[in-house]
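The values are calculated or read from the model by the stated rules, or taken from the named source; none is laboratory data. This structure is a prediction, so every number in the text was calculated from the model and none was measured. FYI the Cβ positions are ideal-geometry reconstructions off the backbone, even for glycines, and counts take in every protein chain you see.
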Amino acid sequence: FANLPMTYEGYGSRIGVEVGAKLDWCDYFFLHYLPQVLKDENKWPCLPVSCRKVISEYGEKMVKLSRRLIKILSIGLGLNEDYVHKSFGGDGESSACLRVNFYPKCPQPDLTLGLSPHSDPGGITILLPDTDISGLQIRRGNNWLTVNPIPNAFIVNIGDQIQVLSNAIYKSVEHRVIVNSNKERLSLAFFYNPGGRALIKPADELVTKDCPALYSPMTFSEYRSFIRTKGPSGKSQIESH
Ligand code: OGA
Ligand code: NI
């Protein structure tokens, strides 16, 4: 199940990093759930035997929840309720993937991070964090605030594509993960994203003389390859394009 450099699928740690870069103290399993053509259960772990079935059911529920949330975000912008869904490519093209993160205990947690600062490049992220231990931090100005997990609650992140579509009315959240010397941590990040071919740009209705378009149109697949070659660097990718 070793991860593939082109599709990221499988088990591994961050790839494509420059020589000398600080590595993330994190291993992950990454799989595609949508679109249907990219979903390949044969690439998912086969053990425990319930794994594929449970992931399939979890994915189905997460897609439903994501679609409700993007409806609410559309309405919040004063747009048609299916605006974001259509912009993402609709039922056939919208994509979704799951990243299961494992942060092992770290003997010297001050010297590294579980995940370097980044914003999620896609639409929205539904995170199920370990309830026993915190680790996720979000940036507020120059401070990092720890997000304490609440049992049976998800954490929802706005991603860069929602920032672009909304012409920065909704802002993606910069976050990172710190590690711990006496406890390991597990999290499930479910990403709900535009399809690769979807051209994402500020909604026409939100662009006026006083609020010009802040971003030029880019397909999600162009945006993602741009990020993957650069590696995580806070929110610089969206502040510069
Ligand atoms: C991610 C992420 C946070 C966490 O996978 O993009 O930000 O708490 N995960 O593991
Ligand atoms: Ni993230």
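State all residues of the stretch 113-134 that are over 17 Å from Gly59 (Cα atoms), within 11 Å of ligand 2 (Cβ to nearest atom) and not charged (D, E, K, R); if no residue qualifies, say none. Lay out the reasoning, then the answer.
Of the residues in the stretch 113-134, the ones over 17 Å from Gly59 (Cα atoms) are 113-121, 130-134.
Imposing the further condition that a residue be within 11 Å of ligand 2 (Cβ to nearest atom) reduces the set to 114-121.
Hits for the stretch 113-134 are Gly114, Leu115, Ser116, Pro117, His118, Ser119, Pro121.
Within the stretch 172-206, can you find the residues that are of a type in the set (A, V, I, L, M, F, W, C), over 15 Å from the mean Cα position of the chain (by Cα) and in a strand (DSSP E or B)?
Leu186, Leu199, Ile200
More than 12 Å from ligand 2 (Cβ to nearest atom), in a loop (DSSP other than H, G, I, E, B), modelled with pLDDT under 95 and surrounded by fewer than 20 Cβ atoms within 10 Å (Cβ to Cβ): is that true of Asp110 in this structure? Walk me through it before giving the result.
Values: more than 12 Å from ligand 2 (Cβ to nearest atom): yes; in a loop (DSSP other than H, G, I, E, B): no; modelled with pLDDT under 95: yes; surrounded by fewer than 20 Cβ atoms within 10 Å (Cβ to Cβ): yes.
Spelling it out, it is not the case that Asp110 is more than 12 Å from ligand 2 (Cβ to nearest atom), in a loop (DSSP other than H, G, I, E, B), modelled with pLDDT under 95 and surrounded by fewer than 20 Cβ atoms within 10 Å (Cβ to Cβ).
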Worksheet item: Hey, Glu81 hits all of (1) within 16 Å of ligand 1 (Cβ to nearest atom); (2) part of a loop (DSSP other than H, G, I, E, B); (3) within 30 Å of Asp204 (Cβ to Cβ); (4) not hydroxyl-bearing (Ser, Thr, Tyr) but one; which does it fall short on?
Response: (1)
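This table checks each residue for (1) in contact with a Lys or Arg (Cβ under 7 Å, 6 or more places away or on another chain); (2) in a loop (DSSP other than H, G, I, E, B); (3) among the aromatic types (Phe, Trp, Tyr).
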| residue | (1), (2), (3) |
| --- | --- |
| Gly92 | no, no, no |
| Leu98 | no, no, no |
| Cys106 | no, yes, no |
| Leu127 | no, no, no |
| Gln137 | yes, no, no |
| Asn152 | no, yes, no |
| Asn157 | no, no, no |
